[in-house]
Amino acid sequence: MLRLTTAGESHGPALVGILTGLPAGLALDRDAIDGDLARRQQGYGRSPRQQIEHDRVEVLAGVRHGRTLGTPLALVVTNRDHKNWEWGMSPWPPETEPEGKGTKPVTLPRPGHADLAGTLKYGHNDVRNTLERASARQTAMTVAAGAVVKALLADIDVAVAGAVMDMGDVDEAKAERDTVGGVVEVRARGVPPGLGSYATKEQRLDARLAAALMGIQAVKGVEIGAGFALAGLRGSEAHDEILRDENGLHRETNRAGGIEGGVSNGEEIVVRAAMKPLPTLMRPLRSVDLATGEAGEALVERSDTAAVEALSVVAEASVAFELGRAAREKFGGDAIGDFVAAYGAYVERIPWQPR
Ligand SMILES: Cc1cc2nc3c(=O)[nH]c(=O)nc-3n(C[C@H](O)[C@H](O)[C@H](O)COP(=O)(O)O)c2cc1C
């Protein structure tokens, strides 16, 4: 079973990921992983933190000379900004005088962030103990793992790509010290019919992709194919007729977004995610000081105006990971050759070819 376990705070020393369930012999390209990490850092409206970070992946286990060993991968992405937070994020009580960032407790939670709910839940007296992990900094590890899984998918000719569909006016919002959200779309080509299952709701590919996307910070809506628009159509207009040509079965339309009954149907997978405007505002909203109970203004911390382009990269990685997980369930194999051979034998059996 393909699985990613992560740890790491936004301003701690590093993000750490343990990735299990890959076959042995999968060729990985360090530049492709670092390339995706760089893509995540770009886009209109990102904060100056992105100029500090320059994310790169370090692989501490599970890969030798560019190929997976079939053992757990240990991935690390260092937080370069940590040098400014060594005192503030020290795991042990610091023995030196307070210096750098994070020396004063945060007590004014930001509306729209995890600050209030997380701090109440865990009984913290410093909102930083919540916000450090709730921060979307951890999506760097999502992207690193997604890049690894994209290499697995490439071996069965599946390609996944995310793009921005819609986004608020960043320049205007920034001038007004406000933030914006937007909509991203992820498409996966070459996905064979049969990933996921209608057998249980946990196995449904649409449910799994929705959970993967909803699991990303600030995503508040997910659509598969024509999604919400389907609700307003007649059945005769909504469903994709089944046709056959010399390459096998196909559809002329794809309103289902490549999934029927929780199973991929051989058409392109199309999913969209809506991102809310980011909660950290340079012109803060009203809040309450948790230490004193007094009315105040929410925490202002260095922050993006928009992260919709970054979300398109994180969403791409998240969809790739879930498709990779479903493909591992279907095709198995301890060695990459076994996995590819099982895919080949299956595609041979069914009237379908990648288009
Ligand atoms: C790539 C990415 C970057 C983000 N950057 C910021 C940011 O700079 N400032 C901010 O307030 N929120 C940012 N967010 C959103 C918050 O992390 C998110 O709103 C918060 O954790 C609360 O979770 P929720 O919106 O899912 O309820 C970002 C989200 C993503 C996906």
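So, of the residues in segment 74-115 that are under 26 Å from the mean Cα position of the chain (by Cα) and β-branched (Val, Ile, Thr), which turns out to be nearest to LEU22 (Cα to Cα)? Among those that are under 26 Å from the mean Cα position of the chain (by Cα) and β-branched (Val, Ile, Thr), it is VAL76.
When we screen VAL314, VAL340 for residues that are among the aliphatic types (A, V, I, L, M), more than 16 Å from the ligand (Cβ to nearest atom) and either open to solvent by 20 Å² or more (accessible area, probe 1.4 Å) or at pLDDT 95 or above (or both), the only hit is VAL340. Criterion applied to ALA274, ALA256, ALA298 was being closer than 30 Å to ALA175 by Cβ and surrounded by 20 or more Cβ atoms within 10 Å (Cβ to Cβ), and the one residue passing it is ALA298.
Per this entry, GLY123 is counted among residues that are at pLDDT 95 or above, open to solvent by 50 Å² or more (accessible area, probe 1.4 Å) and over 28 Å from ARG30 (Cα atoms). Considering the conditions (1) on the phi > 0 side of the Ramachandran plot; (2) surrounded by 14 or more Cβ atoms within 10 Å (Cβ to Cβ), ASP206 is excluded by exactly one of them, (1).
Of all residues in segment 234-265, those that are in a loop (DSSP other than H, G, I, E, B) and on the phi > 0 side of the Ramachandran plot total 4. Counting the residues of segment 133-166 that are under 16 Å from the mean Cα position of the chain (by Cα) and either modelled with pLDDT under 95 or part of a helix (DSSP H, G or I) (or both) gives 17.
Given the conditions (1) more than 16 Å from the ligand (Cβ to nearest atom); (2) open to solvent by 30 Å² or more (accessible area, probe 1.4 Å); (3) under 16 Å from GLY162 (Cβ atoms), report the number of the one that MET214 does not fulfil. Checking MET214 against (1) more than 16 Å from the ligand (Cβ to nearest atom); (2) open to solvent by 30 Å² or more (accessible area, probe 1.4 Å); (3) under 16 Å from GLY162 (Cβ atoms), the one that fails is (1).
Candidates are the residues of segment 140-193 that are free of Cβ contacts under 8 Å to residues at least 60 places away in the same chain and either small (Gly, Ala, Ser) or open to solvent by less than 10 Å² (accessible area, probe 1.4 Å) (or both); the one that is farthest from ASP34 (Cα to Cα) is ALA175.
Contact map, segment 105-132: first residue away from the ligand (no atom under 13 Å from the Cβ) and outside any loop (DSSP other than H, G, I, E, B), second residue of a type in the set (Phe, Trp, Tyr) and open to solvent by 10 Å² or more (accessible area, probe 1.4 Å), Cβ cut-off under 8 Å, separation 6 or more or different chains; pairs are ASN129/TYR122.
Set side by side, the residues ALA295, ALA291, ALA274 differ, and just one is free of Cβ contacts under 8 Å to residues at least 40 places away in the same chain and more than 9 Å from the ligand (Cβ to nearest atom), which is ALA295. Within segment 212-233, residues that are outside any loop (DSSP other than H, G, I, E, B) sit with their Cβ atoms under 7 Å from residues that are of a type in the set (Asp, Glu), at 6+ positions apart or across chains, in these pairs: ALA212/GLU322; ILE224/ASP206.
Looking across segment 133-163 at every residue that is away from the ligand (no atom under 12 Å from the Cβ) and β-branched (Val, Ile, Thr), the one that is nearest to PHE331 (Cα to Cα) is identified as ILE156.
Of note, GLY261 satisfies the criterion of being within 30 Å of HIS239 (Cβ to Cβ), more than 16 Å from the ligand (Cβ to nearest atom), of a type in the set (Gly, Ala, Ser) and out of contact with any strand residue (DSSP E or B) (no Cβ under 9 Å at 6 or more places or on another chain). Tell me whether segment 56-78 contains one or more residues that are of a type in the set (Lys, Arg), open to solvent by 30 Å² or more (accessible area, probe 1.4 Å) and without any contact (Cβ under 8 Å) to a residue 12 or more places away in the chain. Scanning segment 56-78, I find at least one residue that is of a type in the set (Lys, Arg), open to solvent by 30 Å² or more (accessible area, probe 1.4 Å) and without any contact (Cβ under 8 Å) to a residue 12 or more places away in the chain, so the answer is yes.
The values are calculated or read from the model by the stated rules, or taken from the named source; none is laboratory data. For clarity, every value in this text was computed on a predicted model and none was experimentally measured. Note: ideal-geometry Cβ built from the backbone for every residue, glycine included; neighbour counts use all protein chains shown. Surface areas here come from the heavy atoms of the whole protein model, side chains and all, with no ligands, DNA or RNA. Shrake-Rupley method; radii C 1.70, N 1.55, O 1.52, S 1.80 Å.
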